[in-house]
Structures are given as structure tokens and as C-alpha cells.
Amino acid sequence: MGVIEKILGVIFGNGRNLVKDTAEVFRENAESGAQRGQQLQIAAMQSFVEEFYPEQRGWFDRAMDGVNRLPRPLMAMACLGMFWAAMVDPVWFSERMVGIALVPEPLWWLLGVVVSFYFGARHQAKGQDFQKSIAASMARVPWVVDQLEGLEHRRVPDAPRRGAVAVQSDENPALADWKKQI
């Protein structure tokens, strides 16, 4: 027995596992890799939350958000107003359209660029706000899981898994009195 014990002691000795340590040189330990991945994901989500949700927005930011909401409704109302003007006073409307026809083509291109950049920037800002909300929701996942686990411990063992959660009567005196009355 002493010889086998010494051979196994060389391979697995001193509380270490030589086979395991050698294998980890060629292949990552799955459990350690999963822990590192989880820590990395939590750190990335926390970074998103900190970046996209500043503590408080000032009055200027709120005012600019209000101003940014004006162009689209104003352009829609202006188009409807032009249709209305064409029906009410066709001569007045025709005079204005002749004036627009005299605008040089490079100015139309410039207007197209300005409007495209405005709406493109607005679209990007809304997309980033959406990403912020996703990051905030994902940051709340551990808290929700903890709450669900806490509720699961309060479930009566023979209660159905779906529907209302049955609470044990010794935890709620009002519920115990109600059950006595039925």
C-alpha cells in the first residue's frame, strides 16, 4: 500500500490535483469562467446605468427636450395649413408657391441636410434612451430575483404553483380569523 500511496501522492499530493491543474492549462475551468463572465456582465450593466442615467437633469436639459419636440408637430401643422390656404385663397397660395419655386437648388439640398441631421440626431437620442431603459431594467434583475425567492419561501407547500399565492395562516392573523369564519 505504501508504494501506491506514494505514486498517488506524487500525482494528487499536497491537497493539489496534478491532473486537474494540468488540464486547466489547456482548457478553462468552466465554473471559474462563468463567475468571471458574471462579474464582467454585472460591471458592464452598472457602467451603462451610471453613463445613461445621471442623477438629476437640470432645467436647461428639460427645456431643450421641450423645444426638440416642437419641429415635427409644427411641420405637420404647416403642411395642413398649406392645404387649407390653397382651398381658402388659391391666388395667395399660388403667389407663395411661385416664391418657393425661385429658391435655388443648393439651398434645397442644404435644407435637406439640416432636416436629415436633425431627425437623425433625434432618432439616435431616442435609441440611446431606449438602451438606457434596457440597462436600468437589467440592473434591477438581481433585486427582482431576490424578491421572487423571498416570496417562494412564503408559499404553502401544497398550494398550487399558478394563480394566487397561499400564505400560511400563522403569519397573518386577519387571514386566520377569516378562515375560521368560512
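The values are calculated or read from the model by the stated rules, or taken from the named source; none is laboratory data. This one's a predicted model, so the numbers in the text were calculated from it and none came from an experiment. In this analysis, Cβ positions are derived from the backbone assuming ideal geometry, glycine residues included, and neighbour counts consider all displayed protein chains.
The set of residues in the stretch 61-96 that are part of a helix (DSSP H, G or I), over 18 Å from ARG122 (Cβ atoms) and of a type in the set (D, E, K, R) comprises GLU95, ARG96.
Of all residues in the stretch 155-168 being loosely packed, with under 12 Cβ neighbours inside 10 Å and either modelled with pLDDT of 75 or more or basic (Lys, Arg) (or both), which is nearest to MET75 (Cα to Cα)? Walk me through how you get there before you give the answer.
Of all residues in the stretch 155-168, those loosely packed, with under 12 Cβ neighbours inside 10 Å come to 156-158, 160-164.
Right, trim to either modelled with pLDDT of 75 or more or basic (Lys, Arg) (or both) and you get 161-162.
Numbers: ARG161: 54, ARG162: 51 Å.
Among them, the one singled out is ARG162.
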